[in-house]
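Heads up, the thing below is written out as structure tokens.
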Amino acid sequence: MKTVCAVLLSSACTFALAQDPPARVGRISTVEGQVLVRAGDGEAQNALLNWPVTTDNRLSTMRGALAELRVGAAAVRLDGDSELEVSALDDDHFTLHLRYGTVSVRVRNPDALRGFELTTAQARVTLTQPGWVRIDAGRQPGTSVVSVLEGAADVDGATGSVTLRAGKRAELTDEQLRTGALQRIAFDHWPETLPAAAQALRYVTDDTTGYEELDRYGAWQDDAQYGPLWLPSTVPVGWAPYSDGRWTWIAPWGWTWVDKAPWGYAPSHYGRWVLLGHRWGWAPGRERGRVPWAPALVGWGGGATGRSRARVLARAGFPCRRMTATCPATAPAQTMNAASTAPPRGAVPWRASALARSARSTRRAATAVSGATGSTALAACRRMMARRTWRRVPCSRTGRPCRPSRNSRRHRPSP
């Protein structure tokens, strides 16, 4: 019997937002050596594979380290002893600022060039066609060097502008702009892993960040009910989505899932998971087009009678996994939450149309918990659970996991 995993966001879904969060989000796809990531004025922390990257994030590599940022069909690589700032990353802009060091940018799709710009202290670079450029900043004091390995790029400096074709370079200072022949360096020989063509592109667009990993770690099949499905081939028996990774708080979305698997980014943040017999498959959807990004799409459902029932595994931004609910340290002692591997007796049936409406609303709900914690989030959570049959789970102030009480399955919380 097929069991569908209801697509419901793992952040609070009850707040009305004045502005949608960005639908385009990058990911850290390679970490070699010591790489740090920092959001805004926050503290730097060690970068992890599949860490979501958005506006006002900064990547720093120590000497000898390497890092790669993927945004759809664009690959941005950072050499050792470098620092790159993501000035803007949203539906219409992709702006980077290289503070110092060396970065290469490779783009295969013209659509990925929309709103793209990279700046240094001496130069502004835009790609005029798909291609591959390398930029060095500060390797020589007060100097930026732009090299075009493939395609073409426009380069603007304080003393003029130039269009560079493949095989050319420009050296810019505050006083002059000089052009010459491309000079290759060891960094250019980092093996290319962004596929020019992939089977996954038959089912998703290359706006889907992380698509390039799917063909290597799974297989595609068509399903009459759900459309195209991707089935991971490297998971152990009994594996389930959102079981190998960590929850972390990332603005502006709130609690966000960071998957450990190399292929885990796209299935964790787009589409939905469905259970076919005893095996999970990822369904990106039948319609090909830009799909909004979500911090996590977590839900649980199913029934032997074929009537779809859903249980929200994470509400009001509190991450949950199966029989364990975890509350943020900022939450009061008595917190409403839901966590279960199956719906309790008497659970309210969910119709497929209702699930679809919930899925379409996830983009607006994505930043819900970022501006609402404590009593505000709890009040919304109580209102939500009062409308349906949820379990009440008391959670400690320490944020440690807590398990539902023996009688919690029969409890119907009051408003």
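The values are calculated or read from the model by the stated rules, or taken from the named source; none is laboratory data. Model, not experiment: these values are computed from the prediction. Glycine also receives a Cβ, built like all others from the backbone with ideal geometry; neighbour counts cover every protein chain displayed.
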So if I check each of GLY254, GLY264, which one is in contact with a Gly (Cβ under 8 Å, 6 or more places away or on another chain), outside the structural domain of ARG114 (by TED's automatic domain parsing), crowded, with 17+ Cβ neighbours inside 10 Å and at pLDDT below 90? GLY254
Given ARG134, ARG58, which one is touching a strand residue (DSSP E or B) at 6+ places or on another chain (Cβ under 8 Å) and under 22 Å from TRP257 (Cα atoms)? ARG58
Out of LEU118, LEU172, LEU149, sole residue that is under 19 Å from SER87 (Cα atoms) and at pLDDT 95 or above: LEU118
Some residue of segment 68-86 being touching a His at 6+ places or on another chain (Cβ under 8 Å) and not hydrophobic (A, V, I, L, M, F, W, C): yes
Between residues in segment 169-185 that are in contact (Cβ under 8 Å) with a residue 40 or more places away in the chain and surrounded by 13 or more Cβ atoms within 10 Å (Cβ to Cβ) and residues that are assigned to a strand (DSSP E or B) and not polar (S, T, N, Q), which pairs lie under 6 Å by C-beta distance while being six or more apart or on different chains? ALA170/VAL146; ALA170/VAL155; ALA170/VAL162; ALA170/LEU164; LEU172/ALA123; LEU172/GLY157
Residues located in segment 79-97, provided they are surrounded by 19 or more Cβ atoms within 10 Å (Cβ to Cβ) and either touching a residue at least 40 places away in the same chain (Cβ under 8 Å) or not assigned by TED's automatic domain parsing to the domain that holds SER144 (or both): ASP79, VAL86, LEU89, PHE94
Filtered residues of segment 39-57 (kept if more than 24 Å from TYR270 (Cα to Cα) and not in a loop (DSSP other than H, G, I, E, B)): GLN45, ASN46
Here is a check on your reading of the model: is LEU214 modelled with pLDDT of 90 or more and of a type outside the set (Asp, Glu)? yes
Applying the selection to segment 212-254, what residues are over 12 Å from the mean Cα position of the chain (by Cα) and of a type in the set (Phe, Trp, Tyr)? TYR217, TRP220, TYR226, TRP230, TRP239, TYR242, TRP247, TRP249
Condition test on VAL105, is it at pLDDT 95 or above, assigned by TED's automatic domain parsing to the domain that holds ALA47 and over 30 Å from ASP41 (Cα atoms)? no
Looking only at segment 143-168, filter to residues that are exposed (fewer than 15 other Cβ atoms within 10 Å of the Cβ) and not charged (D, E, K, R); which one of those is farthest from ALA73 (Cα to Cα)? THR159
Listed residues ALA16, ALA65, ALA74, ALA12; which is at pLDDT below 95 and under 29 Å from ASN109 (Cβ atoms)? ALA74
